[in-house]
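Report on one structure; see the data block that follows.
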Amino acid sequence: MIRAYFYGPPTKNQALLDAYDAIKGVCERADIVLSSNTEPEEANLPPEIVAQHEATAVPLLDAMQAIIVEGSTPDPQAGYLLAYALAQKKPLLYLYTRGEVAPEVLRYLNLKDIPHHIVIATYRPDGVEKQVEEFLKSVGDVKIREKPDIKFTLRLTRSMDEYLDFKTRNTKLSKADFLRDHIEGLVEQDDDWKKRLRKRRG
Amino acid sequence: MAKLARKRVALLFAGGTMLSHEPKQWELVKKPEDMERWLDHFTELNVVADVKAVFITGRGSTEIGPTDWLAMAEAVRKHTGSVDGFVVLHGIETLHYTANALSLMLRNLPFPVVVSGSPLRIPGLGVRQVEFAARANIINAVQVAAADMAEVCVVFGNRIMKASRVQPTLADGSLQLTTVDGSMLGRVDFGTKMFENRVTRRHRKPRWSIFLDDKVFVTTITPAGSGDSFRLAFRGDFHAILARVHELVTIPDYVDREFLRAHGQGIPVIVSSRHPLPGLRKEFIVLTGVSPSMAVVKVMWALGQTREPAKMRKLLDQNVAGEIIHRGSTP
């Protein structure tokens with residue numbers, strides 16, 4: 001499982017906060033173990049890794065396989081993470097909103113010589129997820145679950161609803177999650193469907 | 001988009017510059033002309049701050065001593081006002097001596113002076129690991145030099161430490177730096193996080209105490225010695241004797257005699273000990289509560305200002321840079 005760090009400068013700008021949520025949402029769907037300054041507990045690492053880093057004085061950032069920075073607003077930490085990733089040859093995605101002037105920190109990099117492990121990308125509010133998905137796929141063997149964004153009204157019988165209540169009680173799953181997981185399982189096992197998909201892709 | 005004020009940081013080259021841009025090809029700064037090429041291989045530093053290069057020495061860590069410490073302190077004084085902070089690049093082996101000395105000479109600073117550098121080439125540690133650790137240390141040091149801090153400190157790995165308390169330690173078979181009391185001024189995990197106990201930036205006039213006299217005869221007292229071992233001290237034009245008495249509580253007679261002889265010749269005798277020394281004569285100065293490297297450096301620093309035993313005693317007794325952890329013992 002890939003470990004990644006996301007940094008979003010503290011902000012009250014709702015558009016940026018929405019982008020932060022979208023970035024974290026992709027990581028969640030990709031089963032990335034995400035540490036982030038935007039979470040109450042910044043480090044999301046097993047205690048044995050934290051202890052090992054403590055003993056060897058190695059920064060926790062070193063345990064990350066990828067770094068994502070939302071750098072639309074000027075912030076010294078964004079520049080630091082960029083420098084660190086360059087020095088450590090770690091994959092980093094530096095994002096800023098399309099239409100804005102490029103962040104000042106990028107001026108100090110020779111844009112012609114940016115190594116392939118550093119991706120600098122602009123995004124529109126509805127396009128940030130795509131940028132993150134592409135970056136994560138380039139980092140390693142990452143499978144990203146599709147985002148369920150098609151609204152579907154489904155009428156159920158009372159007994160079906162009771163069953164769903166029973167199956168999701170004391171779990172973190174919603175009834176919709178439970179149904180989605182089941183449909184995913186059916187799709188995985190359906191050879192006819194897979195054949196059809198292959199045919200469609202040519 | 002709003003702009004951030006770009007910080008200017010002076011890099012003082014004094015070793016600790018081992019980088020490898022190609023396998024088995026090490027980049028070192030041995031003379032002033034090497035600095036530009038070294039910085040060309042470290043362009044990512046520009047992202048963190050506007051870097052100004054200052055050459056101090058190209059000698060290895062174990063060759064660096066009081067003359068270089070004075071040169072570093074003078075360089076800080078000279079460039080004060082033109083930069084937001086300083087980073088001293090240094091090899092790890094004797095980094096604690098340099099850090100201790102700078103903490104005594106540079107006080108009441110309105111900016112940080114950060115001592116850091118490359119780790120040692122440890123057998124078993126790959127070139128890539130050494131290279132990455134070195135670059136990370138230096139980036140972290142520059143980031144701290146641009147941060148809200150105003151004292152001499154050491155950045156090593158994820159530790160930001162008070163320079164006056166730093167000492168080396170062996171962990172996992174490699175040489176590391178830590179503090180005598182385990183305290184830290186901040187940490188680097190996903191970025192620099194400063195703790196409340198640090199001194200923060202504000203307008204203040206630096207107190208320069210750039211004095212060192214290295215004519216100190218340093219010896220360790222054991223029951224196996226004899227007066228002969230002190231002959232060198234009397235022959236060598238030494239201005240003070242620093243005796244480390246770490247295992248004994250009572251000073252052997254042969255030592256007591258030689259100490260008295262030195263005292264009679266106007267040579268201050270300083271005894272650094274882990275334990276109280278109840279039988280020690282009043283004429284001798286006891287130095288406790290500081291690390292072994294700080295004991296040496298502090299005696300040099302005090303001796304640089306006076307040779308008068310009473311004044312030396314007063315200087316050595318002062319907690320100049322937070323170096324005294326607990327009086328009555330040496331950590």
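Some observations on this one:
- Scanning the stretch B:300-316 finds one or more residues that are farther than 24 Å from residue B:97 by Cα and either open to solvent by 10 Å² or more (accessible area, probe 1.4 Å) or among the hydroxyl-bearing types (Ser, Thr, Tyr) (or both).
- Index of the failed condition, residue A:42 passing every other in (1) open to solvent by 30 Å² or more (accessible area, probe 1.4 Å); (2) farther than 24 Å from residue A:134 by Cβ; (3) more than 8 Å from chain B (Cβ to nearest Cβ); (4) not hydroxyl-bearing (Ser, Thr, Tyr): (3)
- Criterion violated by residue A:76 - all others in (1) facing chain B (nearest Cβ under 9 Å); (2) open to solvent by less than 20 Å² (accessible area, probe 1.4 Å) satisfied: (2)
- Check on residue B:234, outside the structural domain of residue B:108 (by TED's automatic domain parsing), open to solvent by less than 10 Å² (accessible area, probe 1.4 Å), more than 24 Å from residue B:167 (Cα to Cα) and not charged (D, E, K, R): no
- Summed over the stretch B:72-129, residues that are modelled with pLDDT under 95 and among the β-branched types (Val, Ile, Thr) total 4.
- Total residues in the stretch B:162-177, condition surrounded by fewer than 24 Cβ atoms within 10 Å (Cβ to Cβ), at pLDDT 85 or above and either in contact with a Lys or Arg (Cβ under 8 Å, 6 or more places away or on another chain) or more than 7 Å from chain A (Cβ to nearest Cβ) (or both): 4
- From the options B:57, B:94, B:98, B:80, residue that is out of contact with any helix residue (DSSP H, G or I) (no Cβ under 8 Å at 6 or more places or on another chain) and not acidic (Asp, Glu): B:80
- Highlighted here are the helices (runs of 4 or more DSSP H) found entirely within the stretch A:83-202 that include at least 1 residues which are open to solvent by less than 60 Å² (accessible area, probe 1.4 Å), among the hydroxyl-bearing types (Ser, Thr, Tyr) and without any contact (Cβ under 8 Å) to a residue 24 or more places away in the chain: A:158-168.
- Any hit, the stretch B:5-17, residues being at pLDDT below 95, more than 27 Å from residue A:76 (Cβ to Cβ) and within 21 Å of the chain's Cα centre (by Cα): yes
- Unmet criterion (only one of (1) within 18 Å of the chain's Cα centre (by Cα); (2) away from chain A (no Cβ under 14 Å); (3) not aromatic (Phe, Trp, Tyr)) for residue B:157: (2)
- Restricting B:190, B:211, B:217 to those that are away from chain A (no Cβ under 14 Å), at negative phi and assigned to a loop (DSSP other than H, G, I, E, B) reduces the list to B:211.
- Selection status of residue B:222, assigned to a loop (DSSP other than H, G, I, E, B), hydroxyl-bearing (Ser, Thr, Tyr) and in the same structural domain as residue B:306 (by TED's automatic domain parsing): yes
- Screening A:67, A:32, A:23, A:2 for residues that are surrounded by 15 or more Cβ atoms within 10 Å (Cβ to Cβ), of a type in the set (Val, Ile, Thr), under 22 Å from residue A:88 (Cβ atoms) and at the interface with chain B (Cβ under 10 Å from one of its Cβ atoms) leaves exactly one candidate, A:67.
- Of all residues in the stretch B:187-205, exactly one satisfies the criterion of being buried (at least 16 other Cβ atoms within 10 Å of the Cβ) and either without any contact (Cβ under 8 Å) to a residue 12 or more places away in the chain or in contact with a Ser or Thr (Cβ under 7 Å, 6 or more places away or on another chain) (or both), namely B:190.
The values are calculated or read from the model by the stated rules, or taken from the named source; none is laboratory data. This is a predicted model, so every value here is computed, not measured. A quick note on method: Cβ atoms are made from the backbone with ideal geometry, for glycine too, and the neighbour counts reach across all protein chains shown. Accessible surface is based on the protein model in full, side chains and every heavy atom, while ligands, DNA and RNA are left aside. Shrake-Rupley method; radii C 1.70, N 1.55, O 1.52, S 1.80 Å.
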